[in-house]
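Contents: one structure, followed by commentary.
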Amino acid sequence: MITVAEHLDSILRKVRPGQEVELDLQRAYGLVLTHDVVSEVDLPRFANSAMDGYAVRAQDVAEAGNEHPVLMPVLGDIRAGDTEQRVLVPGHAGRIMTCAPVPEGADTIVKVEDTDAHPREPKIRAAPEPGRHIRPAGEDLRVGDVVVAAGTTVGPAQVAALASAGIARVVVVGPVRVVVLSTGDELVPLGAPLASGQIVDSNGPMLAAAVRAAGFHTVHVGRLPDDPDRIRSEIDRHLRHADAIITTGGVSKGAYDEVKAVLSKQGAMSFPEVAMQPGKPQGFGVLGRRKVPVFTLPGNPVSALVSFEVFVRPALARRAGRRYTAPTHEAVVVQAWSSPEGKQQFARVVVESDTTGAYAVRPAGGGGSHLVGGLAGADALAVVPARTGEVAVGSMVQVQALRPWGEIEARLEAHAPPPADGSQDAPVGAGTRRGRHRSG
Ligand code: AMP
Ligand code: MG
């Protein structure tokens with residue numbers, strides 16, 4: 001048996017980022033830039049007004065004040081989007097709107113609140129210093145500056161910067177297209193009638209959702225019988241186009257565990273027993289000319305989902321050119337459970353908040369790897385070290401979320417008791433209440 005860390009390490013050493021592609025910026029969300037993107041323009045591109053008001057020469061209004069307003073004749077209006085190259089005549093003002101270009105010769109903006117807002121001859125009641133309320137050209141970025149560095153995942157903020165700099169196309173690691181194959185003679189697709197002895201293929205839809213939750217997408221979600229020829233030909237077919245293949249079932253020690261039997265003949269696959277619960281039988285290899293990572297996960301739904309979170313998700317991130325470590329939170333155990341010694345346990349838990357406001361956990365449903373009903377009620381996986389046998393009340397565990405942590409947090413906030421001192425005004429911020437035990 002190998003440890004979880006050893007198996008993950010050996011997977012990550014073999015997975016390589018996928019091919020570079022050039023895409024429209026609008027399609028690059030969530031993908032990783034492979035090169036520094038350098039600006040060919042200054043940002044802002046031109047000096048513009050930060051306020052609605054009047055563009056003037058500071059020296060022309062230097063004497064202005066509340067008691068001594070200065071009258072300034074307006075030459076014209078300068079609106080946002082104005083494309084004319086305007087020059088300010090000394091002793092005059094331009095009535096200017098936010099974002100409009102500052103005319104040549106003007107060096108300050110009197111905001112409209114410091115005037116009587118007259119459109120043609122306003123009374124100026126303030127004397128702003130040169131540069132006031134002007135956003136200078138190149139203040140944000142200069143020609144030649146890196147807008148977004150190689151290795152960065154394109155999110156909303158990066159899209160804003162790249163779009164502002166006029167970058168319409170970017171080179172990124174291509175989207176990771178995942179194929180999910182459920183294997184087992186007992187499986188029937190969701191919606192089809194079941195004969196006795198048959199079960200619905202839940203792993204396929206579950207893993208498709210997990211792939212999506214992790215920020216990737218599936219291009220095929222299918223089922224296969226325990227038939228070696230069908231398994232071999234389907235995997236070969238998908239190796240031609242997929243960026244990763246995930247199978248479930250058929251990797252234990254049964255007489256019909258054909259996935260392992262078929263793929264064992266491929267030298268690149270290994271089928272270690274991993275010291276973990278659930279998820280002991282694992283299989284991984286990089287197959288085909290395109291070096292596609294292939295994960296053969298155990299068939300039990302809980303084992304398959306835990307295996308996805310622990311091994312597949314970080315590997316898909318690597319395929320996408322990113323790193324991924326599951327964020328963890330520390331929690332106190334409020335109901336004991338046992339853990340197999342010698343195996344790292346990923347126990348399904350419900351997250352609560354204890355009387356001090358710290359995260360607290362108790363087991364969710366039973367421990368069996370087939371218990372999907374209990375799985376649906378679990379918030380997180382408590383990661384119990386291999387040396388621990390009994391997880392005692394009061395001990396601390398690290399948990400990693402099975403749903404967005406913000407949702408768990410919001411539920412705890414909604415059910416939080418009123419502050420102990422009875423004060424309704426006491427700040428009950430998510431960041432402070434459980435801050436003591438927060439680590440991720
Ligand atoms: P296996 O690893 O093929 O021995 O499967 C282990 C257990 O997981 C068996 O009880 C299977 O019926 C169940 N199982 C396998 N594949 C699926 C699936 N796609 N959906 C739901 N349960 C499954
Ligand atoms: Mg099976």
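Name the long-range amide H neighbours of Ala150: under 5 Å, sequence gap of 5 or more, or other chain; modelled H, no Pro or chain starts.
Sorted by chain and number, the residues that satisfy this are Asp36, Val37.
At a threshold of 8 angstrom on Cα-Cα distance, excluding pairs fewer than six apart, so keeping six or more, what relative contact order does the chain reach in percent?
Working: 968 pairs, mean separation 64.7, N = 440.
Rounded, it is 15 percent for the chain.
If you build a Gaussian network model of the chain, linking Cα atoms that sit under 10 Å apart, which residue out of Arg177, Arg132, Arg27 swings the most?
Ranking Arg177, Arg132, Arg27 by mean-square fluctuation puts Arg132 first.
Which of Ile245, Ile235, Ile124 moves most in a GNM of the chain, Cα contacts under 10 Å?
Looking only at Ile245, Ile235, Ile124, the largest GNM fluctuation is found for Ile124.
Amide H neighbours of Lys123 under 5 Å, at least 5 residues apart or on other chains, H built in the peptide plane: list them.
Asp116, Ala117, His118
Taking amide H atoms as placed 1.01 Å from N in the peptide plane, list the residues 5 or more away in sequence, or in a different chain, whose amide H sits under 5 Å from that of Gln282.
Correct list: Val274.
Among Val87, Pro69, Ile124, whose Cα projects farthest towards the positive end of the dipole of region 48-135, with charges put on the beta-carbon of Lys, Arg (+1) and Asp, Glu (-1)?
Result: Val87, furthest along the dipole toward the positive end.
What longest range of the chain stays clear of loop-exposed GluC sites (Glu not before Pro) (DSSP non-H/G/I/E/B, at most 14 other C-beta within 10 angstrom)? Mind dumping the intermediate values first?
On the way: sites that count: Glu40, Glu63, Glu67, Glu84, Glu139, Glu341.
Segment 140-340 is the longest.
Distance from the Cα centre of region 1-30 to that of region 357-415, in angstrom?
27 Å
Using the Kirkwood radius over Cα pairs, work out the Stokes-Einstein diffusion coefficient for the chain at 20 °C and 1.002 mPa s, in µm²/s as a whole number.
Here the translational diffusion coefficient equals 81 µm²/s.
Once the convex hull of the alpha carbons of region 186-322 is built, what does its volume come to per residue, in cubic angstrom?
Values: hull volume 15.7 nm³, N = 137.
Considering the Cα atoms of region 186-322, their hull volume per residue is 115 Å³.
Please work out the C-alpha center-to-center distance from region 143-204 to region 50-82 and express it in whole Å.
Distance between centres, Cα-based: 53 Å.
In Å², and per residue, what accessible area does the chain have when probed at 1.4 Å with the other protein chains present?
Details: 21670 Å² over 440 residues.
So the chain comes to 49 Å² accessible per residue, rounded to a whole number.
Run down the lysines and flag those whose C-alpha is under 21 Å from the C-alpha of Lys343, throwing out any fewer than 8 positions away in its chain.
Candidates past the 8-residue exclusion: Lys253, Lys280.
Divide by every residue of the chain the summed helix terms, -39500 (n - 2.57) for each DSSP H run of at least 4, and state the resulting mean residue ellipticity at 222 nm, rounded to the nearest 500 deg cm²/dmol. Could you put the intermediate results ahead of the total?
Details: 10 runs with 84 residues, N = 440.
Calculated from helices alone, the mean residue ellipticity at 222 nm is -5000 deg cm²/dmol.
Among Leu297, Ser264, Val110, which residue has its Cα furthest toward the positive end of the charge dipole of the chain, with +1 on Lys/Arg Cβ and -1 on Asp/Glu Cβ?
Checking the options against the dipole of the chain, the answer is Ser264.
From the phi angles alone, apply the Karplus equation (6.51, -1.76, 1.60; θ = phi - 60°) to region 159-172 and give each ³J(HN,Hα) in whole Hz, x where the residue is Gly or Pro.
4, 4, 5, 5, 5, 4, 7, x, 7, 8, 10, 9, 9, 9
Taking the chain as a Gaussian network, where each spring joins two C-alpha atoms under 10 Å apart, which residue of Gly91, Gly215, Gly155 fluctuates the most?
Largest GNM mean-square fluctuation: Gly91.
How large a share of the accessible area of the chain, in percent, is made up of carbon and sulfur atoms when the probe is 1.4 Å and the other protein chains stay in place?
Details: 11160 of 21670 Å².
Exposed carbon and sulfur together represent 51 percent of the surface.
With the crude spin-label approximation of a point 7 Å out along Cα→Cβ, what separation in nm comes out for Ser395 versus Ser233?
5.2 nm
Along the Cα→Cβ direction, 7 angstrom out, place labels at Asp24 and Glu104. What is the inter-label distance in nm?
Output for this residue pair reads 3.8 nm.
Can you tell me the FRET efficiency between Ala195 and Lys265 if r is taken as the Cβ-Cβ distance and R0 is 25 Å, rounded to the nearest 0.05? Numbers along the way, then the final one.
On the way: r = 33 Å, r/R0 = 1.30.
That gives a FRET efficiency of 0.15.
Under a crude label model (7 Å from the Cα following the beta-carbon direction), how far is Asp36 from Met1 in nanometres?
4.9 nm
The values are calculated or read from the model by the stated rules, or taken from the named source; none is laboratory data. Please read these numbers as outputs of a predicted model, since none were measured by experiment. Neighbour counts are summed over all protein chains in view; Cβ atoms, including those assigned to glycine, are modelled from backbone coordinates with ideal geometry. We work out accessible area using only protein heavy atoms, side chains counted, and drop any ligands, DNA or RNA first. Shrake-Rupley method; radii C 1.70, N 1.55, O 1.52, S 1.80 Å.
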